[in-house]
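The values are calculated or read from the model by the stated rules, or taken from the named source; none is laboratory data. These numbers were taken from a predicted model, which means no experiment stands behind them. All Cβ positions, glycine included, derive from the backbone under ideal geometry; neighbour counts span all protein chains shown. In case anyone asks, the SASA skips ligands and DNA or RNA and just uses the protein heavy atoms, side chains included. Shrake-Rupley method; radii C 1.70, N 1.55, O 1.52, S 1.80 Å.
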Amino acid sequence: MGRLLSSPKVLLIGAAALALIIAGLAGGALGGAFGGGFIGAPIAHIQLAAEPITASPQIADIPFFGDFRITNTMVAAWSAIVVLAVISWLGTRRLKEVPGRLQGALEAVMEVFLNACETVAGPERGRRFFPLVMTIFLFVVAANWMGILPGFGTIGRFESAEEVIHHAEEKAEKDGEHADLDNVKLAVFDGDGFLAVQPFGSVNEEITGAEYEEMEEGARPRAGLLVPFFRSANTDINMTLGLALVAMVMVHYWGVSVLGLFTHVGKYFNFREGPIMLFVGLLEGLSEIARVISFTFRLFGNIFAGEVLLIVMAFLVPLVGIVPFLGLELFVGLVQAFIFAMLTLVFAATATIHHDSEGH
Amino acid sequence: MEALGINLPGLVTAIVSFTALYLILHFLLYKPLLNVMDQRSAKIKESLETAQTAREEAQRSREEMEKQVGAARAEGQAMIAQAREVAERFREEELAKARQEIEAQRARAAADIRREKAAAIEELRGQFAGLAITAAERVVGESVDEASHRRLIEEVLDESAILGGRS
Amino acid sequence: MIEGNIEVIKTIAAGLAIGLGALGPGLGIGLLAAKAMESLGRNPEAARPIQLNMIIAIAFTEAIAIYALVVAVIIIFLG
């Protein structure tokens, strides 16, 4: 310890870290409450629904389908897919008996899940469930980990104040109310053009829509909202709901294909063993729907809460505040991916068990 | 639903994207890698079995060899014993022969000595008789009948212990 | 009076929903982890199955908190 402290390199790094921490504490919103706050950024706009990244209202309006607009979560999901595809292409390009590093790593991950599948569902069914379980894990973990990369949520399209106010008024008109411009919050951005970067200046450079309207035409700042180009794919309920639906549909498909349609459906509509078993079966059917909901909101809630946590920490203590939470988010992202995959596996295994063979 | 952000286009896009990823990974990752892994485990199993049989084979051949070595050792032992016996017999034969020869030589030497001794005694006796006669002639002064004298001396000599016993 | 403060009431309701709803699962997960640690201490060789089952059981327990989250989200955004 003493030798470590006397090394000039370590001392320098330690001093730099200390300076950063002090600057972050004093310069952020936390320090802002005591008269500091010189480097803090205004808190980023938190929105539940994914935002379309294109300025035009819509790309295609398909009848009975709705208007299709590319959102930032779709872009993130597609980048995760591309990354996974490239990694697997690189890893399997030159297959060798004695694997190289990438091939070895891929094999190690697959080995873990193959073993889990074969332990939970037996060798034959395990092999059948494996691709879906593995794909869910890889996709979720890739999307979660990519979601905390720098640039996610901080670089995006600049939506000007006029657009924001226009949208708010449109929405209010639809509900038959007046737009409450005091509640429309706008951030002030540097630079010009359509690109916006999460501002990195004073904490208090935030104005409301009403204030903006009151300003004179020429003196208005470049206020508006940041619509990020990338946003962690699993902070979109559509994505997690889609995953949950695919997982549960596949679980029931396997249930039907292994047990037969009547046996499988008979588990939920049980007319043979009296009213109590009928009620139990119906309850089980209800719990299948609850499983979809818990799948959806577990992943969404964890990842969205993580994003919000990072935003709030970046707001409170800029520069260093998010560092420990980045580690936490890496862990949470991994665990959530693992849980999603494992629960799918367990549901699939229980859905394909013959109830008669258990002897009751 | 709209406030939560759930909409049909987004949901369909998510499902389609995930299905596409499933297919991509299925053909790009799982199939080739599972193939390689299965092949490898089959190969490992095979080589383990081969190693097992090889070990058994080695065990067997070692036992065989040990048996052979044991037999060869016994044979060698027997051969050595036989050779030693032969050598022993040979030595004893030689020894006996040498002893016999020595015995014969000694006997020859003894016979020679006896013969020499007899000859010497004979000669001595002749000289002694002549000497005695001469002495007696001097004493008596006259020539005695030589023939009777000689007979007399012969008788005396025969009676004496030293020069008698002519064999 | 209620008419004017509907947003405030909604906020309080959502906070209560997730706060009270997270109480039970929080205790449950704590109990689960405690028992898992205990059995891990008794039988360290069974670490892998214990870990797997613990994670799955935690996921089931956590589902209750997720229902509370759903309710809170519904109150805030859809109510």
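Each residue in the range A:43-58 was checked for being more than 14 Å from chain B (Cβ to nearest Cβ), out of contact with any helix residue (DSSP H, G or I) (no Cβ under 6 Å at 6 or more places or on another chain) and at pLDDT 70 or above, and 1 pass.
Kindly establish whether B:Ala109 is open to solvent by less than 80 Å² (accessible area, probe 1.4 Å), within 12 Å of another protein chain (Cβ to nearest Cβ) and either more than 30 Å from C:Leu69 (Cα to Cα) or touching a helix residue (DSSP H, G or I) at 6+ places or on another chain (Cβ under 9 Å) (or both). It is false that B:Ala109 is open to solvent by less than 80 Å² (accessible area, probe 1.4 Å), within 12 Å of another protein chain (Cβ to nearest Cβ) and either more than 30 Å from C:Leu69 (Cα to Cα) or touching a helix residue (DSSP H, G or I) at 6+ places or on another chain (Cβ under 9 Å) (or both). Restricting the first member to the range B:13-39 and to residues that are touching a residue at least 24 places away in the same chain (Cβ under 8 Å), and the second to residues that are aliphatic (A, V, I, L, M), no beta-carbon pair is closer than 8 Å while six or more apart or on different chains.
Screening the candidates A:Gly126, A:Gly147 for the property of being at pLDDT below 95 and more than 26 Å from the chain's Cα centre (by Cα) yields one hit, A:Gly126. All conditions but one from (1) open to solvent by less than 50 Å² (accessible area, probe 1.4 Å); (2) closer than 26 Å to A:Gly27 by Cβ apply to A:Leu316; the one that does not is (1). Only residues that are over 29 Å from A:Trp254 (Cβ atoms), open to solvent by 60 Å² or more (accessible area, probe 1.4 Å) and facing chain B (nearest Cβ under 8 Å) were counted across the range A:97-111, and they come to 1.
C:Ile50 fulfils the conditions (1) touching a helix residue (DSSP H, G or I) at 6+ places or on another chain (Cβ under 6 Å); (2) under 24 Å from A:Glu288 (Cβ atoms); (3) not acidic (Asp, Glu) except for a single criterion, (2).
Here's the yes/no breakdown for (1) of a type outside the set (S, T, N, Q); (2) within 12 Å of chain B (Cβ to nearest Cβ); (3) assigned to a helix (DSSP H, G or I):
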residue: A:Ala80; (1), (2), (3): yes, yes, yes
residue: A:Phe113; (1), (2), (3): yes, yes, yes
residue: A:Trp145; (1), (2), (3): yes, no, yes
residue: A:Leu149; (1), (2), (3): yes, no, no
residue: A:Phe152; (1), (2), (3): yes, no, no
residue: A:Arg157; (1), (2), (3): yes, no, no
residue: A:Glu162; (1), (2), (3): yes, no, yes
residue: A:His167; (1), (2), (3): yes, no, yes
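Filtering the range A:281-304 to residues that are in contact with a helix residue (DSSP H, G or I) (Cβ under 9 Å, 6 or more places away or on another chain) and either of a type in the set (Gly, Ala, Ser) or closer than 25 Å to A:Ile21 by Cβ (or both) leaves A:Gly281, A:Ala290, A:Ser294, A:Gly301.
Reported count of residues in the range A:61-78, each being modelled with pLDDT of 85 or more and either open to solvent by 30 Å² or more (accessible area, probe 1.4 Å) or facing chain B (nearest Cβ under 9 Å) (or both), is 6.
The set of residues from the range A:276-286 being within 14 Å of another protein chain (Cβ to nearest Cβ) and surrounded by 13 or more Cβ atoms within 10 Å (Cβ to Cβ) is empty.
Give, as residue ranges, the helices (runs of 4 or more DSSP H) completely inside the range A:256-360 that count at least 3 residues that are within 25 Å of A:Ala44 (Cβ to Cβ).
Where helices (runs of 4 or more DSSP H) fall fully within the range A:256-360 and carry at least 3 residues being within 25 Å of A:Ala44 (Cβ to Cβ), they are A:274-316, A:323-351.
Only one of these is hydrophobic (A, V, I, L, M, F, W, C), open to solvent by less than 90 Å² (accessible area, probe 1.4 Å) and within 14 Å of chain B (Cβ to nearest Cβ): C:Leu40, C:Leu78. Name it. Spell out how you get there, then give the answer.
Details: C:Leu40 fails: within 14 Å of chain B (Cβ to nearest Cβ).
The match here is C:Leu78.
Considering each residue of the range B:65-76 in turn, none proves to be closer than 30 Å to A:Glu97 by Cα and either charged (D, E, K, R) or surrounded by 10 or more Cβ atoms within 10 Å (Cβ to Cβ) (or both). Please go through the range A:163-194 and give me each residue that is open to solvent by 90 Å² or more (accessible area, probe 1.4 Å), touching a Gly at 6+ places or on another chain (Cβ under 8 Å) and either farther than 19 Å from A:Arg220 by Cα or of a type in the set (Asp, Glu) (or both), ordered by number. A:Asp182, A:Asp190, listed by residue number. For first residues located in the range A:245-258 and under 10 Å from A:Thr344 (Cβ atoms) and away from chain B (no Cβ under 14 Å), partners that are β-branched (Val, Ile, Thr) and open to solvent by less than 50 Å² (accessible area, probe 1.4 Å) and lie 6+ apart or on another chain with Cβ distances below 8 Å form the pairs A:Val251/A:Thr344.
Hey, any hits in the range A:85-95 for a residue that's more than 21 Å from B:Ala14 (Cβ to Cβ), not acidic (Asp, Glu) and not in a helix (DSSP H, G or I)? Among the residues of the range A:85-95, at least one is more than 21 Å from B:Ala14 (Cβ to Cβ), not acidic (Asp, Glu) and not in a helix (DSSP H, G or I), which makes the answer yes. Across the range B:4-37, the number of residues qualifying as open to solvent by 60 Å² or more (accessible area, probe 1.4 Å), more than 18 Å from A:Leu132 (Cβ to Cβ) and either more than 9 Å from chain A (Cβ to nearest Cβ) or part of a helix (DSSP H, G or I) (or both) comes to 2. Being at pLDDT 90 or above, within 14 Å of chain B (Cβ to nearest Cβ) and surrounded by 14 or more Cβ atoms within 10 Å (Cβ to Cβ) is true of C:Ala14. Among the residues making up the range B:1-57, a single one is closer than 17 Å to A:Ala108 by Cα and of a type in the set (Phe, Trp, Tyr): B:Tyr30.
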